[in-house]
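Below: the structure, in structure tokens.
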Amino acid sequence: MTPLARILIERIRETGPITVADYMTECLLHPVHGYYTTREPFGAAGDFTTAPEISQMFGELVGLAVAQAWLDRGSPAPFVLAELGPGRGTLMADLLRASRGVPGFHSAARVTLVEASPRLRAVQAATLSGQAPAWVDRIEDLPQAPLFLIANEFLDALPIRQFQRNPEGWHERLVGLRDGALAFGLSAVLPQVPETPAFHHAAEGALVEDNLPARQAVAAVAHRIARHGGAAYWIDYGGWRSGGDTLQALRRHAPDDPLAHPGEADLTAHVDFEPLVALAPAFAYDTQGAVLTRLGIDARADRLARGLGGARLESHRAAHRRLTHAEEMGSLFKVLAVTSAGAPPPPGFA
Ligand code: SAH
């Protein structure tokens with residue numbers, strides 16, 4: 001049993017079952033035993049790999065898209081260049097390297113990172129040591145200025161709640177105890193549930209998820225963009241409306257029971273984009289494969305391949321395929337761009 005499992009069992013014994021959102025929050029961000037607080041989960045030695053860690057091409061192309069969006073909006077200066085949940089800082093580092101040649105972009109950018117984990121903040125500081133980034137705790141704390149923002153696999157790490165529609169009404173799925181171990185159960189019938197389309201359309205027996213912090217994050221960014229201008233790229237795995245239980249645990253690159261190793265496995269859920277776009281003044285939405293292709297990943301991959309041979313060339317080709325192919329990350333991952341009303345479609349979208 002993990003140390004955090006002991007703490008949670010004691011808490012549930014004393015005060016009763018907790019929501020899936022509370023469980024996720026404790027597992028990911030508990031100050032002593034949380035997954036993001038205690039470890040650096042990315043890469044071959046960790047539990048999962050993300051697009052910027054797979055290939056430098058990801059951050060380069062996203063970076064040039066953001067720089068082009070900034071040019072398209074009249075090169076406002078100064079502006080906030082923000083990232084939510086930067087992990088090791090690789091995406092921002094690749095973005096900044098690729099955009100070096102864009103006149104005025106770097107001197108106007110106030111690089112600001114929203115990161116909850118002190119440990120990952122230190123890793124980001126090392127990766128971005130030449131760039132003097134600033135950190136804030138919340139989106140609301142970003143400086144008031146035009147905002148150009150990226151977030152890769154941020155929304156999927158935010159805590160979801162789960163609800164089940166039974167003949168007698170809606171229940172919330174809770175984490176409680178069975179025979180002294182953590183186990184899922186259901187609350188009493190609820191007087192009300194969130195008002196997103198998935199709830200309106202749920203059939204009897206359906207399990208429906210709600211990611212309130214994701215809705216709040218997109219709303220806060222959309223509010224800034226409506227007020228000051230800018231553009232935001234959200235990249236995440238999921239779909240328009242997933243349906244069903246999508247809570248998943250990954251430990252050492254293998255699926256794990258979400259209740260088995262609290263604090264020692266990564267917990268995420270599919271992102272439903274339908275309730276998020278309702279909050280944007282204007283948006284564009286497509287698969288990661290389609291967006292990266294429009295941004296020119298094939299030409300960039302060929303260019304990089306020229307300097308490579310043998311095993312390095314093979315792994316470069318594999319990374320290209322992994323990011324774009326429909327059977328890999330290409331269609332499971334989606335890109336949502338949020339822009340101001342009346343703005344032209346952002347780079348990467350038709
Ligand atoms: N974007 C990175 C890392 C994704 S993992 C990549 O693509 O590799 C999720 C990141 O979000 C981690 O950096 C984690 O510490 C951070 N995070 C999770 N919940 C957060 C919250 N509530 N506020 C700020 N950062 C959070």
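The values are calculated or read from the model by the stated rules, or taken from the named source; none is laboratory data. Predicted, not measured: the structure shown is a model, and the values here were computed from it. We place every Cβ from the backbone using ideal geometry, glycine too, and count neighbours over all the protein chains shown.
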Worksheet item: Which of (1) within 16 Å of the ligand (Cβ to nearest atom); (2) modelled with pLDDT of 95 or more; (3) under 30 Å from PRO31 (Cα atoms) does ARG119 not meet, given it meets every other one?
Response: (2)
Discussion item. It is to be established whether one or more residues within region 107-114 are surrounded by 21 or more Cβ atoms within 10 Å (Cβ to Cβ) and touching a helix residue (DSSP H, G or I) at 6+ places or on another chain (Cβ under 7 Å).
Written reply: yes
Practice prompt. Need at least 2 residues that are within 16 Å of the ligand (Cβ to nearest atom), more than 30 Å from LEU174 (Cα to Cα) and touching an Asp or Glu at 6+ places or on another chain (Cβ under 6 Å) per element, so show me which helices (runs of 4 or more DSSP H) inside region 3-109 make the cut, counting only ones lying wholly within it.
Written response: 56-72, 90-98
Worksheet entry | Residue selected from region 155-168 under the condition in contact with a Pro (Cβ under 9 Å, 6 or more places away or on another chain), of a type outside the set (D, E, K, R) and within 19 Å of VAL218 (Cβ to Cβ), by the criterion nearest to the ligand (Cβ to nearest atom) | LEU158
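Okay, residues lined up against (1) modelled with pLDDT under 95; (2) farther than 26 Å from ALA280 by Cα:
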residue: GLY310; (1), (2): no, yes
residue: ALA318; (1), (2): no, yes
residue: HIS325; (1), (2): no, yes
residue: GLU328; (1), (2): no, yes
residue: LYS334; (1), (2): no, no
residue: THR339; (1), (2): no, no
residue: GLY342; (1), (2): yes, no
residue: GLY348; (1), (2): no, no
Worksheet item: Out of curiosity, is ALA203 more than 16 Å from the ligand (Cβ to nearest atom) and free of Cβ contacts under 8 Å to residues at least 60 places away in the same chain?
Response: yes
Item to complete: Give region 234-273 a look and list any residue that's in contact (Cβ under 8 Å) with a residue 40 or more places away in the chain, under 22 Å from GLU40 (Cα atoms), part of a strand (DSSP E or B) and of a type in the set (A, V, I, L, M), or say none.
Response: ILE235, LEU250, LEU267
Worksheet item: What tally of residues in region 169-200 results from selecting those that are part of a strand (DSSP E or B) and in contact (Cβ under 8 Å) with a residue 60 or more places away in the chain?
Response: 11
Discussion item. When you scan region 200-213, do you find a residue that is of a type outside the set (A, V, I, L, M), over 21 Å from the mean Cα position of the chain (by Cα) and surrounded by 16 or more Cβ atoms within 10 Å (Cβ to Cβ), even just one?
Written reply: no
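Look at VAL271 and say whether it is over 30 Å from PRO167 (Cα atoms), of a type in the set (Val, Ile, Thr) and buried (at least 19 other Cβ atoms within 10 Å of the Cβ). Before the answer, list the steps.
Working: over 30 Å from PRO167 (Cα atoms): no; of a type in the set (Val, Ile, Thr): yes; buried (at least 19 other Cβ atoms within 10 Å of the Cβ): yes.
Criteria not met by VAL271.
I need the full set of residues from region 75-112 which are within 18 Å of the chain's Cα centre (by Cα) and not hydrophobic (A, V, I, L, M, F, W, C), in order please.
Restricting attention to region 75-112, the residues satisfying the condition of being within 18 Å of the chain's Cα centre (by Cα) are 81-95, 112.
Matches in region 75-112: GLU83, GLY85, PRO86, GLY87, ARG88, GLY89, THR90, ASP94, THR112.
So which of ASP156, ASP141 ends up being on the phi < 0 side of the Ramachandran plot and over 15 Å from the mean Cα position of the chain (by Cα)? I'd like the intermediate steps shown before the answer.
On the way: ASP156 fails: over 15 Å from the mean Cα position of the chain (by Cα).
Answer to the selection: ASP141.
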Discussion item. Testing PRO133 on (1) within 15 Å of the ligand (Cβ to nearest atom); (2) surrounded by fewer than 21 Cβ atoms within 10 Å (Cβ to Cβ), one condition comes back false. Which one is that?
Written reply: (2)
